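*Asks:* Can you read through this structure? Questions will come right after.
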Amino acid sequence: MELSSRRTLDRKILIAVLIGNLLFWELFLRAFLSAPSTQIPDADLGYVNQPYARYVESQEGYAQTRFNRLGFNDADPLDLPAVRRIVVLGDSYTEAFQVPSALSYTQLLEDRLRDELKQVDVVKLGRDSFFPLHYPLVLKRHLKELKPELVVVQFGTHSSGDLFADNIKVTHNRLGQVVHMALEKSASDRHKELLRPLISNSALLYYSLRRFKPVVTGWLERFRGSANAGIQQSEDKPLAERIERLVYVLNSLKALHSRIVLLYLPAPGTEMRGTSDNSPTWKALHAASLATGLPLLEPAAAFRAHYLTHGIPLNGFANTMPGTGHLNNTGHRVLSEFLATSLAPRLVAGRPGDTASRRQEPGT
Amino acid sequence: MIFSSLDFVLFMIVLVITLRLAQQRPEHTKKIILLVASYYFYGYWDWRFLSLLVYTTAIDHLCATRIHASSDDVVRKRWLVISIVSNLGVLAAFKYFNFFIDALNDVITLEGEPLRHLNIILPLGISFFTFQTMSYTIDIYRRKLAPSSLMDFSIFVVFFPQMVAGPIVRAASFLPQLVRPIEIRFERIVDGSRQFLVGFVKKAVIADSLSIFVDEVFRQPSAYDGATLAAAVIAYAIQIYCDFSGYSDMAIGVGRMLGFELPVNFRHPYKARNITEFWRRWHISLSSWLRDYLYISLGGNRKGRVRTYINLMATMTLGGLWHGASYNFIIWGIMHGTALAVHKFVMEVTGSEKVDIESEAFQQKSPGAILRDALSVVLTFMLVCVAWIFFRAPTLQSAMDFLIRIATWQDGIHWLHISFLLVAPVFFLWHWLPGNEAAKYRVVNYNTAWGVSACFTLLMIILLFSPLGLSPFIYFQF
């Protein structure tokens, strides 16, 4: 095919075309795939989400959402005097960007419990990249306002490893026991602050930076060693040290609230593989649960039973692989059913007078 | 070095600048630059196999010179046999030795230990460059070609844009291009980059996106339901086409940037209305090679009807084996050979006219003709897809399980990856559009605001949506 490439486009038209195209992609991403960064720096937590900002998750599952006034992926907490509130602390599994907010396990749990207990409010205080050490800090911040009756603390397979991140400073006593743990600003948070003027105004830049982060990290690793070395190496950390750190976190939570329930989510795809989850966190959490006397809920058997009955994986989406990543709609539904069954008796036991009186007056 | 890598972009920039700076130098200097660059490109993968390239080049050049120099048919044939045995010997040693050992171990029960494998790796592009060099000596034997200089022949063997995965270039079309000056010209770079961009989108956006779905389903077909498996086969059909034709487009584009024209390798194969037409649209450089150097050498259609069918079957079976040393490729070849023979038989019995490659499906306007074309295209596509199962599945057992699960519409996990749901409709709409080849170059050009917008859009699609990481081209393994 012959070309007349010597006839080049006028430079002004070329620039206009390029700017027009960039604008098109900015709008396209905002409409369908990504909002600009919604994160704002926070002295204690590294960063928090801007209240009421819009967020689009498109890389794993697909959901458009809006943060509540506390900056979490949830509806605003109910402002009723007689409300019975459950607070759920957790990481990205609890934040559940991958599914519509109404189908996340916390919301489904609330719907289920509302059938039995009327004014129930399940409040999600979970966020992507929260370490267990964030949990006491978040609970402390919102405790006074929310006054929860029960606190559910969600852990995943990586949770104990997260406690070895570079930005966690641990103080040991002479016997080598953990006496204090503190969260410092991470390198990632510093980068976010630096780039904030750009990524909080452009969906295109924010989407691109998130997308190419693994590539850039890979390049950096080639030149100056692993940026996530702290976390990666944590897989080799001794079980005893993991238990100690988890016990420290759980004791910090116990100091804030008397009714705490632990929830351990098994590794993605465990129900499909049919093998038991033997992760270091699972072992450490079992030991920490015993040491602190906090009850531990494990939905692994419920996950497995559901998969064997229906053949539907509980993790994975149309844009990821079955049995990988975060919980999908089915996973959230099964988890909510498991939690409703497990938590309802505890709630009834917690305030018997309230519940009994309500049950005696159907229709109220 | 993969075309879609940053390393390759840097390599091309350095090569183009070097050739441009050497513009006023003698042609010999530019050829040395091109040859060194090609050896560097190949050696970047594994420098040890450069010796294999040098060996193949030297043997075939020697044989070709001797064939040409002699007028004695016996001597000529002797040198041809040396060339063919040498090339096939290299292929047999590196590609088929372990397969034949396995086959022998399966058949012969020996006392003691089974025959052992050779611990060797498959040299990149070995099937492509051995076929190219064989065509050179055969053409000289058939007196269709005169031998070229060692320098020109070396460039022909290792010309980096196509040596790893084709198109399989004929000496008769490539060597004359080395007679004229090697020039780096702006308009050729622009033209080549357009073709490269189209290939890049096919590879990075379509093929690589679908590979996530295809790889997972073919990895454990027993986990998925019949609908998912059927979708995965269709996805693979799209993936392998976009991967391979994307590579060919990039190779042609890179060749054009350097001032060389490489042959077209694909002409919308899934538009074919029958299997014969499919093979005139799919991997054209291989199918025409097999026709000219194997099918015709076996007698073609000159020795009666039955022998024609046998020749077709034999050619396609060997064509299957060319792709790799496994029973699956042999079965794939037999399936295509059988389909071609049956189609030829039906054509002869019904007295149908010959397949007209110039005509395309969906060009006629009458509803009846469109419906007939649609039916033929879909049936041909389904046949090709069934054969793809054997081509893609890791083992014969796995291919059979896959096929049975689709045929019996088994239950299992139902999973249609988003890439398939988004890509498949757009792909077929474009693929089946009449006149799409010409339209492609009207859309992708740098001369109009719309053309630049289209190019920029393609670039943004690559940047924003193609899977990250470098995945090698499927045909690299052959």
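The values are calculated or read from the model by the stated rules, or taken from the named source; none is laboratory data. In this text the structure is predicted, and so the values were computed from the model without any measurement. Positions of Cβ are backbone-derived with ideal geometry, glycine not excepted, and every protein chain shown enters the neighbour counts.
*Asks:* Could you pull out the residue among A:111, A:121, A:74, A:91 that is buried (at least 16 other Cβ atoms within 10 Å of the Cβ), over 18 Å from the mean Cα position of the chain (by Cα), of a type in the set (Asp, Glu) and within 25 Å of residue A:264 (Cβ to Cβ)?
*Replies:* On the way: A:111 fails: buried (at least 16 other Cβ atoms within 10 Å of the Cβ); A:74 fails: over 18 Å from the mean Cα position of the chain (by Cα); A:91 fails: over 18 Å from the mean Cα position of the chain (by Cα).
Just one listed residue meets the conditions, A:121.
*Asks:* Answer yes or no: is there a residue in the stretch B:231-250 that is closer than 20 Å to residue B:395 by Cβ, within 12 Å of chain A (Cβ to nearest Cβ) and of a type in the set (Val, Ile, Thr).
*Replies:* The answer is no; no qualifying residue exists.
*Asks:* How many of the residues making up the stretch B:360-385 are within 23 Å of the chain's Cα centre (by Cα) and among the basic types (Lys, Arg)?
*Replies:* Counting residues in the stretch B:360-385 that are within 23 Å of the chain's Cα centre (by Cα) and among the basic types (Lys, Arg) gives 0.
*Asks:* Within the stretch A:77-96, work out how many residues are of a type in the set (Ser, Thr, Tyr) and within 12 Å of residue A:109 (Cβ to Cβ). Before you say what the answer is, go through the steps one by one.
*Replies:* Here is the first cut: in the stretch A:77-96, the residues of a type in the set (Ser, Thr, Tyr) are A:92-94.
Going one step further and asking which of them are within 12 Å of residue A:109 (Cβ to Cβ), we end up with A:94.
The number of residues fulfilling the criteria is 1.
*Asks:* Please give the number of the condition residue A:61 fails out of (1) over 30 Å from residue A:315 (Cβ atoms); (2) within 17 Å of the chain's Cα centre (by Cα).
*Replies:* Answer for residue A:61: the failing condition is (1).
*Asks:* Residue by residue through the stretch B:197-213, note down the ones that are in contact with a His (Cβ under 9 Å, 6 or more places away or on another chain) and among the aliphatic types (A, V, I, L, M). Walk me through how you get there before you give the answer.
*Replies:* Looking only at the stretch B:197-213, we keep the residues that are in contact with a His (Cβ under 9 Å, 6 or more places away or on another chain), and these are B:209-210, B:212-213.
Scanning the stretch B:197-213 gives B:210, B:212.
*Asks:* Out of the residues in the stretch B:456-477 meeting the condition of being touching a helix residue (DSSP H, G or I) at 6+ places or on another chain (Cβ under 7 Å) and assigned to a loop (DSSP other than H, G, I, E, B), tell me which one is farthest from the other protein chains (Cβ to nearest Cβ).
*Replies:* B:473
*Asks:* One residue is enough: does the stretch B:372-382 have a residue meeting the conditions assigned to a helix (DSSP H, G or I), among the basic types (Lys, Arg), surrounded by 17 or more Cβ atoms within 10 Å (Cβ to Cβ) and more than 9 Å from chain A (Cβ to nearest Cβ)? Can you show your working first?
*Replies:* Kept after step one, since they are assigned to a helix (DSSP H, G or I), are these residues of the stretch B:372-382: B:372-382.
After this cut, where a residue has to be among the basic types (Lys, Arg) as well, the list is B:372.
Now drop any that are not surrounded by 17 or more Cβ atoms within 10 Å (Cβ to Cβ), which leaves none.
No, there is no match, as no residue in the stretch B:372-382 is assigned to a helix (DSSP H, G or I), among the basic types (Lys, Arg), surrounded by 17 or more Cβ atoms within 10 Å (Cβ to Cβ) and more than 9 Å from chain A (Cβ to nearest Cβ).
*Asks:* Within the stretch A:193-220, count every residue that is part of a helix (DSSP H, G or I), away from chain B (no Cβ under 14 Å) and surrounded by 13 or more Cβ atoms within 10 Å (Cβ to Cβ).
*Replies:* Result for the stretch A:193-220: 5.
*Asks:* Would you mind stating whether residue B:173 is more than 12 Å from chain A (Cβ to nearest Cβ), among the hydroxyl-bearing types (Ser, Thr, Tyr) and within 24 Å of the chain's Cα centre (by Cα)? Step through it out loud before you land on a result.
*Replies:* Details: more than 12 Å from chain A (Cβ to nearest Cβ): yes; among the hydroxyl-bearing types (Ser, Thr, Tyr): yes; within 24 Å of the chain's Cα centre (by Cα): yes.
Here the answer is yes, as residue B:173 does meet what is asked.
*Asks:* Quick one: which residue in B:365, B:344 is over 23 Å from residue B:241 (Cα atoms), away from chain A (no Cβ under 14 Å), charged (D, E, K, R) and touching a Ser or Thr at 6+ places or on another chain (Cβ under 8 Å)? Before you say what the answer is, go through the steps one by one.
*Replies:* Values: B:365 fails: touching a Ser or Thr at 6+ places or on another chain (Cβ under 8 Å).
None of the others qualify; the one that does is B:344.
*Asks:* Still on this model: Report, by residue number, each residue of the stretch B:234-265 that is closer than 19 Å to residue B:187 by Cβ and of a type outside the set (A, V, I, L, M).
*Replies:* B:249, B:253, B:255, B:256, B:259, B:260, B:261, listed by residue number.
*Asks:* Listed residues A:324, A:341; which is out of contact with any strand residue (DSSP E or B) (no Cβ under 8 Å at 6 or more places or on another chain) and either within 14 Å of chain B (Cβ to nearest Cβ) or not aromatic (Phe, Trp, Tyr) (or both)? Lay out the reasoning, then the answer.
*Replies:* On the way: A:324 fails: out of contact with any strand residue (DSSP E or B) (no Cβ under 8 Å at 6 or more places or on another chain).
The unique qualifying residue is A:341.
*Asks:* Quick test for you: out of A:289, A:252, A:276, pick the one residue that is modelled with pLDDT under 90 and among the small types (Gly, Ala, Ser).
*Replies:* A:276 is the lone residue from the list that is modelled with pLDDT under 90 and among the small types (Gly, Ala, Ser).
*Asks:* Just to be sure, is residue B:330 among the β-branched types (Val, Ile, Thr) and within 14 Å of chain A (Cβ to nearest Cβ)? Quick ask: steps written out before the conclusion?
*Replies:* Values: among the β-branched types (Val, Ile, Thr): yes; within 14 Å of chain A (Cβ to nearest Cβ): no.
No.
*Asks:* Okay, moving on. Could you grab me the full set of residues in the stretch A:275-321 that are away from chain B (no Cβ under 14 Å), farther than 19 Å from residue A:160 by Cβ and touching a helix residue (DSSP H, G or I) at 6+ places or on another chain (Cβ under 6 Å)?
*Replies:* A:302, A:303, A:304
*Asks:* Something else now. In the stretch B:313-362, which residues are in a helix (DSSP H, G or I), among the hydrophobic types (A, V, I, L, M, F, W, C) and either modelled with pLDDT under 85 or more than 26 Å from residue B:132 (Cα to Cα) (or both)? Lay out the reasoning, then the answer.
*Replies:* Step one: list which residues in the stretch B:313-362 are in a helix (DSSP H, G or I), which gives B:313-323, B:327-350.
Retained after the next criterion (residues that are among the hydrophobic types (A, V, I, L, M, F, W, C)): B:313-314, B:316, B:318, B:321-322, B:329-332, B:334-335, B:339-342, B:345-347, B:349.
Hits for the stretch B:313-362 are B:339, B:341, B:342, B:345, B:346, B:347, B:349.
*Asks:* Being at negative phi and either among the small types (Gly, Ala, Ser) or in contact with a Ser or Thr (Cβ under 9 Å, 6 or more places away or on another chain) (or both) narrows it down to one residue among A:259, A:242, A:273; which is it?
*Replies:* Working: A:259 fails: either among the small types (Gly, Ala, Ser) or in contact with a Ser or Thr (Cβ under 9 Å, 6 or more places away or on another chain) (or both); A:273 fails: either among the small types (Gly, Ala, Ser) or in contact with a Ser or Thr (Cβ under 9 Å, 6 or more places away or on another chain) (or both).
So the residue among A:259, A:242, A:273 that is at negative phi and either among the small types (Gly, Ala, Ser) or in contact with a Ser or Thr (Cβ under 9 Å, 6 or more places away or on another chain) (or both) is A:242.
*Asks:* Does residue B:58 qualify as being under 26 Å from the mean Cα position of the chain (by Cα) and within 27 Å of residue B:249 (Cα to Cα)? First the steps, then the outcome.
*Replies:* On the way: under 26 Å from the mean Cα position of the chain (by Cα): yes; within 27 Å of residue B:249 (Cα to Cα): no.
The answer is no for residue B:58.
*Asks:* Those residues that are without any contact (Cβ under 8 Å) to a residue 12 or more places away in the chain and among the small types (Gly, Ala, Ser), I need them from the stretch A:25-67; list them, please.
*Replies:* Result: A:31, A:43.
*Asks:* Next question. Among the residues of the stretch B:409-452, write down those that are within 13 Å of chain A (Cβ to nearest Cβ) and of a type in the set (Phe, Trp, Tyr).
*Replies:* Correct list: B:415, B:420, B:441, B:446, B:450.
*Asks:* A follow-up question, please. From the list A:77, A:100, A:51, which one is farther than 20 Å from residue A:334 by Cβ and touching a strand residue (DSSP E or B) at 6+ places or on another chain (Cβ under 8 Å)?
*Replies:* Selected residue: A:77, the only one of A:77, A:100, A:51 that is farther than 20 Å from residue A:334 by Cβ and touching a strand residue (DSSP E or B) at 6+ places or on another chain (Cβ under 8 Å).
*Asks:* Give the stretch B:247-299 a look and list any residue that's charged (D, E, K, R) and either assigned to a loop (DSSP other than H, G, I, E, B) or surrounded by fewer than 19 Cβ atoms within 10 Å (Cβ to Cβ) (or both), or say none.
*Replies:* Step one: of the stretch B:247-299, the residues charged (D, E, K, R) are B:249, B:256, B:261, B:267, B:271, B:273, B:277, B:280-281, B:291-292.
Matches in the stretch B:247-299: B:261, B:267, B:273, B:280, B:281, B:291, B:292.
*Asks:* Taking helices (runs of 4 or more DSSP H) that fall entirely within the stretch B:78-196, which contain at least 2 residues that are over 22 Å from residue B:37 (Cβ atoms), without any contact (Cβ under 8 Å) to a residue 60 or more places away in the chain and not aliphatic (A, V, I, L, M)?
*Replies:* B:97-107
*Asks:* Among the residues of the stretch B:140-162, write down those that are out of contact with any Lys or Arg (no Cβ under 7 Å at 6 or more places or on another chain) and surrounded by fewer than 21 Cβ atoms within 10 Å (Cβ to Cβ). Full working, then the answer.
*Replies:* First, pick out the residues of the stretch B:140-162 that are out of contact with any Lys or Arg (no Cβ under 7 Å at 6 or more places or on another chain): B:140, B:142-150, B:152-154, B:156-162.
Result: B:142, B:143, B:144, B:145, B:146, B:149, B:150, B:152.
*Asks:* Could you list, ordered by first residue, the pairs with Cβ atoms under 6 Å in which the first is in the stretch B:1-26 and closer than 15 Å to residue B:256 by Cα and the second is small (Gly, Ala, Ser), at least 6 apart or interchain?
*Replies:* Going by the 6 Å Cβ cut-off, the qualifying pairs are B:15/B:37.
*Asks:* Inspect all residues belonging to the stretch B:100-107 and state whether any of them is at pLDDT 75 or above, of a type in the set (Asp, Glu) and over 30 Å from residue B:61 (Cβ atoms).
*Replies:* yes
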